[in-house]
Amino acid sequence: MAYMQLPQWLARFNRHVTNPIQRMWAGWAPTMGILEHVGRRSGKRYRTPLTVFNASVDGQDAVAVLLTYGPDRDWLKNVTAAGSGTMRRYGRSFRVTDPQVMSKADAAPSVTGLMRPLFPLLPFESAVIFLRG
């Protein structure tokens with residue numbers, strides 16, 4: 001399977017145009033979530049909409065996020081530096097910790113629920129898994 005990474009210009013466009021719109025509903029919509037994190041240098045609070053999959057790691061609830069723009073993302077650097085963040089899904093917030101970046105193939109067995117069959121079919125190479133708690 002050919003893997004892809006979305007172009008960086010699209011990431012910049014999404015940050016300034018699409019993300020503010022998605023933040024209005026991403027915390028409620030199926031397959032979406034809003035990651036709340038703090039800038040590692042600025043201390044500013046950010047809310048990043050993401051596509052989120054339910055997961056389980058060694059029996060512990062987790063969530064998986066495909067890294068559609070690759071692992072060099074500010075939101076991922078911020079959560080990694082802090083060790084945790086807050087995820088808002090289905091109108092509820094929960095803490096996410098211990099971000100682990102890995103290949104999509106390594107993350108796929110951890111994905112649970114109705115979206116499990118879709119996860120390995122998506123054309124992205126890497127993912128991050130967060131533990132819930």
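The values are calculated or read from the model by the stated rules, or taken from the named source; none is laboratory data. Nothing here was measured: the structure is a model prediction, and the numbers come from that model. All Cβ positions, glycine included, derive from the backbone under ideal geometry; neighbour counts span all protein chains shown. SASA here: full protein model, heavy atoms, side chains in, ligands and nucleic acids out. Shrake-Rupley method; radii C 1.70, N 1.55, O 1.52, S 1.80 Å.
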Over region 36-80, with the other protein chains present, what is the accessible area per residue in square angstrom, probe 1.4 angstrom? 51
Summed residue charge, Cβ within 14 Å of MET115's Cβ, Lys/Arg positive, Asp/Glu negative: +3
Karplus (6.51, -1.76, 1.60) ³J(HN,Hα), θ = phi - 60°, over region 111-120, in Hz, Gly and Pro reported as x: 6, 10, x, 5, 8, 3, x, 6, 3, x
Place +1 on the Cβ of every Lys and Arg and -1 on the Cβ of every Asp and Glu in region 40-133, take the dipole about the Cα centre, and give the residue among PHE124, VAL111, VAL52 whose Cα lies farthest towards its positive end. VAL52
Please quote Rg/Rh for region 20-133 to two decimal places, taking the Kirkwood radius as Rh and restricting both calculations to Cα atoms. 0.93
Among residues other than VAL96 whose Cβ falls under 13 Å from its Cβ, what is the net charge (Lys/Arg +1, Asp/Glu -1)? +2
Taking amide hydrogens as modeled 1.01 Å from N in the peptide plane, which residues meet the under 5 Å criterion relative to MET32, leaving out close sequence neighbours? VAL52
